[in-house]
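Data block below; observations after.
The values are calculated or read from the model by the stated rules, or taken from the named source; none is laboratory data. Just so it is clear, the structure is predicted and the values come from calculations on it, not from any experiment. For neighbour counting, all protein chains shown are included, and Cβ atoms are generated from backbone atoms with ideal geometry for every residue, glycine included. Note: accessible area is taken over every heavy atom of the protein model, side chains too, but ligands, DNA and RNA are not part of it. Shrake-Rupley method; radii C 1.70, N 1.55, O 1.52, S 1.80 Å.
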Amino acid sequence: MESSDPDGPQAPRPALGRDSVQVPDDHDFQNFRAECEAEAGWNLTYSKGGLGVWVQAVELDRPLHKIKCRMECRDVPAETVYDVLHDIEYRKKWDSNVIETFDIARLTVNADVGYYSWRCPKPLKNRDVITLRSWLPMGADYIIMNYSVKHPKYPPRKDLVRAVSIQTGYLIQSTGPKNSVITYLAQVDPKGSLPKWVVNKSSQFLAPKAMKKMYKACMKYPEWKQKHQPHFKPWLHPEQSPLPSVALSELSVQHADSLENIDESTVAESRDERGAGGEGSDDDSSLN
């Protein structure tokens, strides 16, 4: 592990362009939690029905923003939210943005490497990412967080733009036996100059919609899980993991500057996307 963090508690190591890949330690988890709970410097862009979205511009000359979403999950205990965020097979059912997602290898009992690709608002190019993900139960609360790495067997693809997760994750807090609050915090470099409508739409529509869809998925998860390997939860029982092991030395840090920038700043929103801008109901038939 590294020695002391020269930038102090406001700068978790995964968020800083580090030189070598490390599995986050307790200090990193504590810093992530503190940032999830912080209020200074954040601008509220959405607040409705127990769901809030905040944004924070990081650098004025780059399309790099932090976004934070917090949602009350009534009738959903924290451990259910934690299971839903871990269960990759279930994500393929409820996450309508996913193109492809799979786990690649495990590092420790609470860290692995995975792949995720997702659909972007038309007509933008779709993105993908390779991340080192780690998780930690903290009493009745949980943290899951990730940052981008490079894996030799999964280089950038020509049909997708390789984005960079500087630091992304979830803080799940128990507020009672059957209730919880989830905070989603993301600092992602989309690798490209995005038009302003994308940034606005992400914070005011796409993020709230995604959180609501996650909540619906959490409500339906216990019933779904009973029919799909109910006892298989390798995030709780590491001995169940079928993943091969990977050494840290096989991975390297994915620096944003080493990837191609895509200039999409002048791309106009498609007519279909504008028509989908309302808060309509989602089709949940795939969750049954």
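Determine if segment 57-71 includes at least one residue that is acidic (Asp, Glu) and at pLDDT 60 or above.
Step one: list which residues in segment 57-71 are acidic (Asp, Glu), which gives 59, 61.
From what's left, at pLDDT 60 or above: none.
No: zero hits.
Taking the numbered list (1) more than 22 Å from residue 188 (Cα to Cα); (2) of a type outside the set (Lys, Arg); (3) open to solvent by less than 60 Å² (accessible area, probe 1.4 Å); (4) out of contact with any helix residue (DSSP H, G or I) (no Cβ under 7 Å at 6 or more places or on another chain) in turn, residue 141 passes all entries but (4).
Within segment 189-211, identify whether any single residue is at pLDDT 95 or above, under 21 Å from residue 93 (Cβ atoms) and surrounded by 21 or more Cβ atoms within 10 Å (Cβ to Cβ), and answer yes or no. Scanning segment 189-211, I find no residue that is at pLDDT 95 or above, under 21 Å from residue 93 (Cβ atoms) and surrounded by 21 or more Cβ atoms within 10 Å (Cβ to Cβ), so the answer is no. Consider segment 87-134 and keep the residues that are buried (at least 21 other Cβ atoms within 10 Å of the Cβ) and charged (D, E, K, R). The one that is nearest to residue 243 (Cα to Cα) is 112. In segment 70-86, the residues that are in contact (Cβ under 8 Å) with a residue 40 or more places away in the chain reach residues that are open to solvent by 10 Å² or more (accessible area, probe 1.4 Å) and acidic (Asp, Glu) with C-beta atoms within less than 8 angstrom, at least six apart or across chains, in these pairs: 78/141. Tally the residues that are part of a strand (DSSP E or B) and not acidic (Asp, Glu), restricting the search to segment 123-170. Number of matching residues: 29. Checking the structure you have, find out if any residue of segment 239-246 is part of a helix (DSSP H, G or I), at pLDDT below 90 and within 22 Å of residue 146 (Cβ to Cβ). So far as segment 239-246 goes, no, none of its residues is part of a helix (DSSP H, G or I), at pLDDT below 90 and within 22 Å of residue 146 (Cβ to Cβ).
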